[in-house]
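Structure, as structure tokens:
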Amino acid sequence: MLELNNLHVAIGGNEILKGIDLKINAGEVHAIMGPNGSGKSTLASVLAGREEYEVTSGEVLFQGENLLELDAETRAREGLFLAFQYPVEIPGVGNTYFLRTALNAVREHRGQAPLDAMDFLQLVKEKADVVKLDPSLLKRAVNEGFSGGEKKRNEIFHMAVLEPKLAILDETDSGLDIDALRIVSEGVNSLRDSERSFIVITHYQRLLDHIIPDFVHVLKDGRIVESGGRELALELEARGYDWLDSKAAVETAR
Amino acid sequence: MQIGPPGRQVALSPSPQLPLSLLNAEISIQEPGNDPTSSLVLLGARPLSGNEVHMTDSTTTLEEFANREYEHGFVTDVEQETFPPGLNEDVVRAISAKKNEPDWLTQWRLKAFRHWQTMEEPSWPKVHYEPIDYQAISYFAAPKKLLDSLDEVDPEILTTYKKLGIPLDEQKALAGVAVDAVFDSVSVATTYKDKLAEKGIIFCSFSEAVQDHPELIKKHLGSVVPHTDNFFAALNSAVFSDGSFVYIPKGVRCPMELSTYFRINASNTGQFERTLIVADEDAQVSYLEGCTAPQRDENQLHAAVVELVALDRANIKYSTVQNWYPGDKETGKGGIFNFVTKRGVCGEKSKISWTQVETGSAITWKYPSVILKGDKSIGEFYSVALTAGRQQADTGTKMVHLGKDTSSTIISKGISAGKGQNSYRGLVKVTKSADNARNFSQCDSMLIGSQCGAHTFPYIEVRNPTAQVEHEATTSKIGEDQIFYCNQRGLSTEDAVTMIVNGFCKEVFKELPMEFAVEAQKLLGVSLEGSVG
């Protein structure tokens, strides 16, 4: 599904990612954890195609294609989805209208006919149920005046409608209370299947109680310093990120 | 200068004790009074006059959007009868004679012409253009023969209208729109006159009205915009060629939207429209005006006057979509100069609502206004003004509160792209007699690209302590974050921009009659929001 080989990324001359190797197969859920400033969100942005980041070396293959050659909208149409850490407000543009335009752009790319209004409405109702989205949010402008939790839920709703092949959740748990966290997680879990992969970026292990990852990676100072199974997240929760420093120091000393 | 992130207002705390020094000389607030009920609330006041907001970020793709070609630039080959360039009393008389006008109207034109000669062209608008040589303009052009029915209309003209998407045929009945099309200066076709006549409604060209309903013309012409009003109104009064006249009798609700499409076709011909709409007591009418013009190399002057008379409890809704040739993208050459005076006067409990979508013209100078004379009358102004390329717009409204319990609403959306300069200039005036007057104004500006400018000049004059006046303003820039968010959902940048602009203008578009709203959104390059959502 996705393969990163020695990816180096800089912004404004500062190197943020310093050689990332990562392989994600179809159906896998990978959690990426790490302290503030470790490069987690940069990784999400680069994969989604944000232009201000400069890839200085390395490659990214998405379904065998060179992802870095594609512009952001083509990546989206190819099935890459980013749930934003800070979803953007678009005043005056109806949430449903926005999503229908987006879905039809994706469908057109896949050579499918656009969904008509009735079919789309049906789809929207189904998917809104899945993430327990308040139906009034469908009629409002995209994210405008939404609470933090509503915005995050709306992101998962977009994901449910667009049915991506690879979904990147960038700190989707931040700002969510326990109930919202559970609902968002259930939404994500309902979309898990053998064809769809997820990258879950988070600070906290608590999200991973709900979305059980297949792999956990720790990103620190632009490098993946540790990879493991779910138990790694628990260990991090118990011992903190500094534990990895001392562990690395011990290894270096050997 | 403060620019909030998109959608966020830069707010000063709303307080009647707002330090006026924060504002500037462009706002004059007189006699606000010490009465505690008096309040002047300025919400989100942003730097006001002289506030040139020049963005510095570069967004090439957005500029491409702003640089689209004008689609309606073609010239119809029709034989014209045109006066030689120049203006003097003989020309004024000749125009009047050509139209077989009664002597009082000839004299009225001459009076206006003499007054015009004493006036100076206004220099206060924030627009720049080469001086106009009024002697180099021809003041009359007409297709050679006058026609009785559509069948006789020059096929070429009809083809032109078709290219513009103006359905000037009976099919329009299905859409419920009667069309009085003005081709250059003379009305060439009027439909549905008979159907309207059944209800006693008069909808005809101004020239016809002069012949057939002289008493109504004599009573109302110049009653809202006197011939002395301003430089361009005086010029129009002297040389106006044609336009539309509407009269809705007492208690009649006009059963269809009345619509006029204006075009300027002849080279070097100024177009001087004169429109008069009278809604008698308890009458209602919705009037649509739309404009496109073919491409020309030389600037074309347009100085129109529109007068609206809403008698007691009458309701007039006047909507405009204006898409005249804006001039060359790089040089600004060849665009239309649009200097328009539009004003309505309200009787008791009556309502006048202006909605305008201004996307064309090299220069727009236009302030559709309402004189709230009758008690409990209502004035509204909804505006979208887009300036791209080298376009300049100085537009806004005047709401003059004379009657008691009068209220007015101003919603202005300015969009600047390319090297466009967009100014909102509005006056809210509450006179001593206007007890309990209320006004709400909202002026929002959106910037696309790095070389455009947005300016706001709100004037507020309050002479009655019971008045309540609110002014809100925002400036936003289409953000990279918004574009990227749309891109990430699979939308192209172009679609994202049109969608965001459409959303920005939504409050105004929803005031337009449906089919006009469609055209307006097309003009902004925006697809119609679907039936879902």
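The values are calculated or read from the model by the stated rules, or taken from the named source; none is laboratory data. Source: prediction; values computed, not measured. As a convention, Cβ positions derive from the backbone with ideal geometry for all residues, glycine included, and neighbour counts pool all protein chains shown. Just the protein is used for accessible areas: all its heavy atoms, side chains included, with ligands, DNA and RNA removed. Shrake-Rupley method; radii C 1.70, N 1.55, O 1.52, S 1.80 Å.
Going down the table (B:98/B:218; A:23/A:152; B:98/B:195; B:342/B:510), which pairs top 24 Å between alpha carbons?
Table pairs above 24 Å Cα-Cα are A:23/A:152; B:98/B:195.
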(message) Quick check for you: with a 1.4 Å probe and neighbouring chains kept, what is the accessible area per residue of region B:413-473, in Å²?
(response) 25 Å²
(message) Along each principal axis of its Cα atoms, how long is region A:28-111 end to end? Whole angstroms, biggest number first, please.
(response) 36, 30, 28
(message) Give me, ordered by chain and number, the residues 5 or more places off residue A:220 or on other chains with an amide H under 5 Å from its own placed amide H.
(response) A:225
(message) Starting from 0.36 nm per residue, how many nanometres of slack lie between residue B:100 and residue B:480 once their C-alpha separation is accounted for?
(response) 130.8 nm
(message) Quick check for me: using +1 on Lys/Arg Cβ and -1 on Asp/Glu Cβ, what's the dipole size of chain A about its Cα centre, in debye to the nearest 20?
(response) 340 debye
(message) Please list the three semi-axes, largest first and in whole Å, of the ellipsoid equivalent to region B:312-423, using sqrt of 5 times the eigenvalues of its alpha carbon gyration tensor.
(response) 32, 11, 10
(request) Project the alpha carbons of region B:376-455 onto their principal axes and report the range along each, largest first, in whole Å. (result) 45, 14, 13
(message) Counting only other chains, and only Cβ atoms inside 10 Å, what mean value do you get across the residues of A:133-141?
(response) 1
(request) Please compute how much accessible surface disappears when A pairs with B, both sides summed, using a 1.4 Å probe, and round it to the nearest 100 Å². (result) 2600 Å²
(message) Going by amide H atoms built from the backbone, whose H comes under 5 Å of the H on residue B:315, apart from near neighbours?
(response) B:283, B:284, B:285, B:351
(message) Give the separation of the Cα centroids, region A:1-26 to region A:196-249, in Å.
(response) 17 Å
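Tell me, what does the Kirkwood hydrodynamic radius of region A:30-71 come to in angstroms if you use every pair of distinct C-alpha atoms?
About 11.5 Å for region A:30-71.
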(request) Calculate, in whole percent, how much of the Cα-Cα pair population of region B:319-379 lies beyond 18 Å. (result) 46 percent
(request) Please list the non-local residues whose amide H lies under 5 Å from the amide H of residue B:389, H modeled 1.01 Å from N, same-chain partners needing a gap of 5 or more. (result) B:418, B:419, B:420
(request) Mind jotting down a quarter of the surface of the convex hull over the alpha carbons of region A:163-254, in square nanometres, one decimal? (result) 6.9 nm²
(request) With the Cα gyration tensor of chain A in hand, give its eigenvalues times 5 under a square root as the equivalent ellipsoid semi-axes, listed largest first in whole angstrom. (result) 32, 21, 16
(request) Report, in whole Å, the centroid distance computed from the Cα atoms of region B:225-249 and region A:115-130. (result) 54 Å
(request) Would you mind getting the accessible area per residue of chain A, heavy atoms of the protein chains only, 1.4 Å probe, in Å²? (result) 43 Å²
(message) I want to check the label-to-label distance for residue A:56 and residue A:195. Put each point 7 Å from Cα in the C-beta direction and report it in nm to one decimal.
(response) 4.0 nm
(message) Using only the heavy atoms of the protein chains and a 1.4 Å probe, how would A:1, B:256 rank by accessible area, largest first?
(response) A:1, B:256
(request) Give B:366/B:413; B:349/B:404; B:219/B:432 a once-over and call out the pairs whose C-alpha atoms are over 19 Å from each other. (result) B:219/B:432
(message) Given a Förster distance of 45 Å, report the FRET efficiency between residue B:433 and residue A:107 from their Cβ-Cβ distance, rounded to the nearest 0.05.
(response) 0.15
